[in-house]
Structure formats: structure tokens, C-alpha cells
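Working notes, structure below.
The values are calculated or read from the model by the stated rules, or taken from the named source; none is laboratory data. Fair warning: this is a prediction, and the values are worked out from it, not measured in the lab. Methodologically, a virtual Cβ is constructed for each residue, glycine included, from the backbone with ideal geometry; neighbour enumeration extends over all protein chains shown. Areas reflect the complete protein model, heavy atoms only, side chains present, ligands, DNA and RNA absent. Shrake-Rupley method; radii C 1.70, N 1.55, O 1.52, S 1.80 Å.
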Amino acid sequence: QVQLVESGGGLVQAGGSLRLSCAASERAISSYTMGWFRRAPGKEREFVATISWNGGTTYYADSVKGRFTISRDNAKNTVYLQMNSLKAEDTAVYYCNAKRVGSTSFDIYDWGQGTQVTVSS
């Protein structure tokens with residue numbers, strides 16, 4: 001059964017915004033650090049942003065810092081990625097995953113299908 005479902009992607013012009021959601025089922029995410037990752041055409045999956053289990057600490061890749069905001073609502077078992085000032089280089093399939101406190105690997109879930117974000121230049 002699918003445990004993480006990414007949604008909210010779409011086609012947007014450069015400078016526009018999208019809000020991605022990552023909804024968990026069958027397993028609560030409240031005790032996990034959550035992360036967003038992306039895979040662009042011709043590139044490996046890369047880190048985008050993470051948020052600690054209680055939302056108190058966030059980290060961002062330099063490429064998105066100041067433009068993207070990660071947040072979470074543990075009561076809804078959902079993590080969000082607000083993407084502003086989108087650039088063509090943000091075009092990618094976006095994925096979420098989780099890691100345990102004290103671990104370095106976002107490997108709690110199998111990688112899903114992600115959600116496609118396409119930014120036209």
C-alpha cells in the first residue's frame with residue numbers, strides 16, 4: 001500500500017508558485033525528519049529541503065534557499081513545500097521521504113512516483 005503520496009505539481013511559468021503536498025498513510029510521520037527531493041532530467045536525485053520532527057529546524061539546498069519553504073502538519077500527517085519564484089531549473093519530479101532521528105538516510109519509505117513540476121522559461 002502506498003504510504004507517501006506527493007501531489008500539487010503542475011506546469012507553471014517562471015516566477016510562478018506551486019505548493020506541493022506529501023501525505024502519509026498507514027504510518028505516522030510525527031517522529032520523523034521529513035525531506036523533499038527532486039530528480040531533474042539527466043540528473044540524479046538531489047536534496048531540496050528537510051524539516052525536523054517538530055518543525056523546529058529546516059534546511060534547504062542553496063539552489064532553493066529563499067524561494068522554497070518546507071512545513072509540516074503532523075495532525076494531518078502531511079508535509080508541504082511552498083515553491084515561489086520558480087525557475088526553469090526547478091523542473092523535476094519531486095519526491096518526499098522520511099528519516100529517523102539520529103539517522104542520515106531518508107529511507108523509511110520506498111521512493112514513490114513523485115509529482116512533476118514543470119517550469120517554462
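List of remarks:
- Any hit, segment 70-77, residues being in contact with a Lys or Arg (Cβ under 8 Å, 6 or more places away or on another chain) and either at positive phi or not acidic (Asp, Glu) (or both): no
- Taking (1) under 19 Å from ARG72 (Cβ atoms); (2) in contact with a helix residue (DSSP H, G or I) (Cβ under 8 Å, 6 or more places away or on another chain) in turn, ALA40 satisfies each apart from (1).
- Subset of segment 96-115 that is aliphatic (A, V, I, L, M) and in contact with a strand residue (DSSP E or B) (Cβ under 6 Å, 6 or more places away or on another chain) - its residue that is farthest from THR78 (Cα to Cα): ILE108
- Residues considered: ALA40, ALA61, ALA92. Of these, the only one that is without any contact (Cβ under 8 Å) to a residue 40 or more places away in the chain, closer than 23 Å to LEU11 by Cα and surrounded by 13 or more Cβ atoms within 10 Å (Cβ to Cβ) is ALA61.
- Condition met for ARG19 (surrounded by 21 or more Cβ atoms within 10 Å (Cβ to Cβ), among the charged types (D, E, K, R) and more than 18 Å from ILE108 (Cβ to Cβ)): no
- Just one residue in the set ALA28, ALA98 is of a type in the set (A, V, I, L, M), open to solvent by less than 30 Å² (accessible area, probe 1.4 Å) and either at pLDDT below 95 or farther than 22 Å from VAL119 by Cα (or both); that residue is ALA98.
- Residues that are within 15 Å of the chain's Cα centre (by Cα) and at pLDDT below 95, drawn from segment 107-121: ASP107, ILE108, TYR109, ASP110, TRP111, GLY112, GLN113
- Among the candidates SER85, SER120, SER105, the residue that is without any contact (Cβ under 8 Å) to a residue 60 or more places away in the chain and hydroxyl-bearing (Ser, Thr, Tyr) is uniquely SER105.
- Cβ separations smaller than 7 Å between residues 6+ apart or across chains give the following pairs from segment 1-28 residues that are part of a loop (DSSP other than H, G, I, E, B) to residues that are of a type in the set (D, E, K, R) and open to solvent by 80 Å² or more (accessible area, probe 1.4 Å): GLN1/GLU26; GLN3/GLU26; GLN3/ARG27; GLY8/ARG19; ALA14/LYS87.
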